[in-house]
1. Have a look at chain A and give its Rg and Dmax from the Cα atoms, expressed in angstrom.
2. Sorting check: for B:53-66, A:207-220, which peptide has the highest mean count of neighbouring beta carbons within 10 Å, and how do the rest follow?
3. Can you work out the FRET efficiency for the pair B:GLU80 and A:HIS6, with r the C-beta to C-beta distance and R0 = 35 Å, to the nearest 0.05?
4. Using a Förster radius of 51 Å, what is the FRET efficiency between A:ALA302 and A:ALA168 based on their Cβ-Cβ separation? Nearest 0.05, please.
5. Take every Cα pair under 8 Å in the stretch A:1-141 that's 6+ residues apart, average their separations, divide by the length, and report that relative contact order as a whole percent.
6. Hey, got the dipole for the stretch A:1-118? About the Cα centre, +1 on K and R Cβ, -1 on D and E Cβ, debye to the nearest 20?
7. Cut-off 17 Å, label point 7 angstrom out along Cα-to-Cβ of A:ALA152: give me the residues of the stretch A:23-52 whose amide nitrogen falls inside.
8. Ignoring everything except DSSP H segments at least 4 long, calculate the 222 nm mean residue ellipticity for chain B; use -39,500 (n - 2.57) per segment, divide by total residues, nearest 500.
Amino acid sequence: MANPLHTSTDVLVIGAGGAGMYAAIDAARQGARVLLIDRSLIGRGGATVMAQMTVAVALGAQTPDHWSHHYADTLAAGRGLCAEPLARLLCEEGPDCIREMDAWGIGWARRDGRIVQAQAPGHDRPRCVYVDFLNTGPAVSKTLRTVVNRTAGIRKAGDLAVVDLIVADGEVTGAAALHLVTGAAVTIAAKATVLATGGLTRLYRRNSASANMGGDGYALALRAGATLVDMEFVQFFPIGHLAPRLIGMDPIMWDPFRYKLGGRLLNGNKEEFTSRYGSDESGKYVLTRDLATYAIIKEVDAGRSSPHGGAYLSFEHCSAAALRAAFGPVIDRLAKNDIDLTRMPVEVAPIAHYHMGGITADARMATNVPGLYAAGEAVGGANGANRLSGNAITEALVFGRRAGRSAAEWAAGIAAQPFRPEVARASLDLIAADGGGAGPNTAEMITKLQATMADEVGPLRDAARLRRALARIEELTVALGERPFGAPTAFDLRRLEWFDLRNMLLVAGAVAATALARQESRGAHQREDFPETEASWRVNQIVHWRDSELALVRNPAAVEMAAQ
Amino acid sequence: MTEHAQLKIWRGVDRAAGRWERYEVPFEPGQSVLDGLRWIRANRDPSLAIRFSCINANACKECMIELDGKTVYACTARLEPREMMLAPLANKPLLRDLVTEIAPPAERLS
């Protein structure tokens, strides 16, 4: 084969969402040469840009607060499984990152000169900052894009889908990627690499994140020798938009409405129902995500769903003026979708939203493989079995900044570029491979995997469903085969989907296997065959990739912690 | 209630040697043109090249195409029960089918 395109850098950042951009900025500030790449466009394709919600941070701008209170709420929401050093880092450094974003001109909503902090479920006091109207994520992305563009030392390249990390002598030394525009193979030599690829919500049929979040980083990390933690804990957002059909809006948009206006959650008979599951809301918004998801699904199972199979969310008690004051132009966007909240409820249902699990990292964001760091949602552990609302963008910023700094420090200690082209050979052969033949429809295979994950590995689980899922994942893995279908060519989505499925099936298997092994219910993992939370399961499951098989290990450190 | 849109889609990698292909796409009122394109890929022809990321949040700005000669986001343009002509942006370099090079020059591999 022809020599691949090649480039080199000190720090390679894979994924240009909130965490990746902050990592690139901080690595460059430390003096490192940075290459920031994304499978999509720079700063547009991750989860951050879609977040219309709020950011939890103990600023104390309105109500006195301290990071330790935020930390206590984060640990409580995590149902005993949080990686405490990571949760502490998130809460302790959150205010600093939020203030830096403020200095960069993000425009946090203010009242009388002070940053406004809203009350959100699971928090002991008003703690969540935002940008009006429903504009938090786009504002975070735009601000970071602007800073990336004016920071010397950052190169950017979009349309690069990383196929494998390149490991030499046990260290990550760069990456091999598919250049979507041409179909060519690209090698990148890097002294340090940061995975900021986000979560795995694309594994599910209904999800709230972009089509890029297929768990790529988890698969890349596993194959490079890193471990994953807490993979069974997928957060479902309880009130994802279901009906009527709505375009141009993030499906989790109803959360800010509830922060500001309350809103009533009703079953198909227009009755309030959360109190049946031990949680009385009385029109206020206090229910954590795991409990609300459980209540809605149980109500649907009992035959009391709304017409499209979810629950009603009603703001009919709010006046047009109150709605307009809280949401301004968003009310007009709803009107374009024929939605008038003063006279009709909308239908909502749980939707895959965020992954608590991810790559195992320490408080420097270092993985167990030298040269490899992780940032943002790609990191597992900080949020335990259930993430507190508002913590996702905080962790993107805090973990991104820390990962960039750590990667730059590691790179500064390496004199010669450690990359050796011959080590990348197998990955480059795969990128250039012509698997021939028509092959199955890759887009349809992804649809099938999403259906399996939604139906068998959703919020409510049991052994039979999880075993069916594992069998289905195995069938799809066999159908995918060893080589991509057809020859490399320009912007070939089928080829990209083949590589996506290679990652998605590996990660889906890790989620289903850890969910099957955890014989209890805790947070976002609810087993109908094991409905109780068991003290003996206050352990984290660690996933390894050994001899092309997934291996699960229970983390003894957490056991010792629980025993104290 | 299922209706059908007739999507006439420009296909090819060379503007001088392209072709129009027709697809009949079932949809429910309220669905987007991008929903229709994704349906075609999953049910008829996965070789159709389109570009999108956020799917329907109007956040990523990647799915710009020409619909009946006007520039739209495929994720916010609605499917309608009629013939709709979809073409790549005329003022950007063509990559394949409906995909054009929309990244700023400083954000491309070089």
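1. Both quantities, over Cα of chain A: 22.7, 69 Å.
2. With the highest mean Cβ count within 10 Å placed first, the list reads A:207-220, B:53-66.
3. Given R0 = 35 Å and the Cβ-Cβ separation, E is 0.15.
4. The formula returns an efficiency of 0.35 here.
5. 27 percent
6. In debye, rounded to 20, the stretch A:1-118 gives about 320.
7. A:25-35
8. Computed mean residue ellipticity for chain B: -3000 deg cm²/dmol.
The values are calculated or read from the model by the stated rules, or taken from the named source; none is laboratory data. Keep in mind that what you see is a predicted model, and the values were worked out from it rather than measured. Backbone-built Cβ (ideal geometry, glycine too); neighbour counts: all protein chains shown. Note: areas computed on protein heavy atoms with side chains; ligands, DNA, RNA excluded. Shrake-Rupley method; radii C 1.70, N 1.55, O 1.52, S 1.80 Å.
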